[in-house]
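The values are calculated or read from the model by the stated rules, or taken from the named source; none is laboratory data. Being a predicted model, the structure only gives us computed values, none of them experimental. So basically every Cβ, Gly included, is an ideal-geometry build from the backbone, and we count neighbours across all protein chains shown.
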Amino acid sequence: MPVPVILDCDPGHDDAFNILLAAAHPSVQLLAITTVAGNQTVEKTTLNARRVCSVAGIRGVPIAAGRDRPLHGPRRIAENIHGDSGLDGPGFAGEPDVPQDPRGALALLRDTLLAHPTPVTLVPTGPLTNIAALLLAHPELAARIERIVLMGGSTGRGNTTPAAEFNVLCDPEAADIVLRSGLPVTMFGLNVTHQVRATPDVVARIAALGTPLSGLCVDLLTYFASTYREVYGFDAPPLHDPLTVAHLIDPSLFRLARAAVTVELNGTYTRGATVVDLHGVTGLPAETDVGMQVDADGFWQLIVDAVRTLGG
Ligand code: RIB
Ligand code: CA
């Protein structure tokens, strides 16, 4: 049976590939997409989710806009990585033909969780504001959630401050609420997402598909590579978010560790850090599954296959 999934995202170049992967693979049933402010404003991330679904021919998946700022503190965006549109690189012509669902994200999440006959896996790949708000507003819906499989945090250094990864830093209180919710959580942080770089070989394999969608994907990866080179000096950009859906598709590609994960909320220089107790020294309960290793070749094969499947 396919895994029923709701994506909560901030497209964002890597979020876009996660949408493609979830829509393309038969072992995932993409029920809905909700968007959040993160890489860009929620207006832009919502438009981008619609654009990706429109170009890829993904129909019948409702897309609703969520929170435009974190639970606490100032809003932060990543235009230095994803550009002014949040999905710079390709030229998107006109208005996408995929509509925006008139419900807000919380209503769409609630309705989808209640309507599905079995518990649903939530896959947040942006700041965790929507997910935290859902758990606060509707604690009774926890029983309808199978697992939360998120991209965020790191077992090591951050990427936005030396200590904090972008998604968690955007809304540390939301991440804390999710990680302490008691729900099963699988976390893919920078320590493992940096193992999958979109090298020129990967880009060439996608380009060779020769479809309009593959061309768009090449434009996305080319832009993403330019900003990761400029900002971080990377030779190729890590495609963070699709590790989440890839793990749902083929867990054998991954090695996980079970650990206590806490979020630093007060540190002057460390706010937003995920503190991952890999050796059980804190005495805190080890309740989070933490991504440690990924088979990069197997991961990229899933991505190329998804672009081929949707490209027609
Ligand atoms: O730190 C990387 C994460 O922040 C990814 O999810 C990227 O899309 C941004 O949201
Ligand atoms: Ca993201």
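Against the definition (away from ligand 1 (no atom under 15 Å from the Cβ) and at negative phi), how does Ala49 come out, yes or no? Spell out the reasoning first.
Values: away from ligand 1 (no atom under 15 Å from the Cβ): no; at negative phi: yes.
Judged against the criteria, Ala49 is not a match.
Here are Arg197, Arg229: which of them is among the basic types (Lys, Arg) and either out of contact with any Pro (no Cβ under 7 Å at 6 or more places or on another chain) or within 16 Å of ligand 2 (Cβ to nearest atom) (or both)?
Working: Arg197 fails: either out of contact with any Pro (no Cβ under 7 Å at 6 or more places or on another chain) or within 16 Å of ligand 2 (Cβ to nearest atom) (or both).
Result: Arg229 is the single residue among Arg197, Arg229 that is among the basic types (Lys, Arg) and either out of contact with any Pro (no Cβ under 7 Å at 6 or more places or on another chain) or within 16 Å of ligand 2 (Cβ to nearest atom) (or both).
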(message) Based on this model, can you work out whether Leu248 counts as modelled with pLDDT of 95 or more and in a loop (DSSP other than H, G, I, E, B)?
(response) no
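Which is out of contact with any Gly (no Cβ under 7 Å at 6 or more places or on another chain) and not charged (D, E, K, R), of Pro200, Pro172?
Numbers: Pro172 fails: out of contact with any Gly (no Cβ under 7 Å at 6 or more places or on another chain).
That would be Pro200, the only listed residue that is out of contact with any Gly (no Cβ under 7 Å at 6 or more places or on another chain) and not charged (D, E, K, R).
Being away from ligand 2 (no atom under 16 Å from the Cβ) and farther than 24 Å from Val168 by Cβ, is that true of even one residue in region 3-20?
Filtering region 3-20 down to residues away from ligand 2 (no atom under 16 Å from the Cβ) leaves 3-4.
After this cut, where a residue has to be farther than 24 Å from Val168 by Cβ as well, the list is 3-4.
Yes, because at least one residue in region 3-20 is away from ligand 2 (no atom under 16 Å from the Cβ) and farther than 24 Å from Val168 by Cβ.
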(message) Every residue in region 119-160 that is within 14 Å of ligand 1 (Cβ to nearest atom), closer than 14 Å to Ala105 by Cα and part of a loop (DSSP other than H, G, I, E, B), please.
(response) Gly126, Pro127, Leu128
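Just checking: which of the helices (runs of 4 or more DSSP H) contained wholly in region 10-104 hold 3 or more residues that are buried (at least 17 other Cβ atoms within 10 Å of the Cβ)? Explain how you work it out, then say what you get.
Details: elements: 13-24, 42-56, 79-82.
Those helices (runs of 4 or more DSSP H) span 13-24, 42-56.
Going through Val304, Val276 one at a time, which residue ends up being buried (at least 16 other Cβ atoms within 10 Å of the Cβ), outside any helix (DSSP H, G or I) and touching a residue at least 12 places away in the same chain (Cβ under 8 Å)?
On the way: Val304 fails: outside any helix (DSSP H, G or I).
Within the list Val304, Val276, the selection yields Val276.
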(request) Filter region 21-52 down to residues that are more than 15 Å from ligand 2 (Cβ to nearest atom) and either in contact with a strand residue (DSSP E or B) (Cβ under 7 Å, 6 or more places away or on another chain) or at pLDDT below 95 (or both), then give me how many there are. (result) 8
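Looking only at residues that are in a loop (DSSP other than H, G, I, E, B) and among the aliphatic types (A, V, I, L, M) in region 161-173, which one is nearest to ligand 1 (Cβ to nearest atom)?
So, considering only residues that are in a loop (DSSP other than H, G, I, E, B) and among the aliphatic types (A, V, I, L, M), the one nearest to ligand 1 (Cβ to nearest atom) is Ala164.
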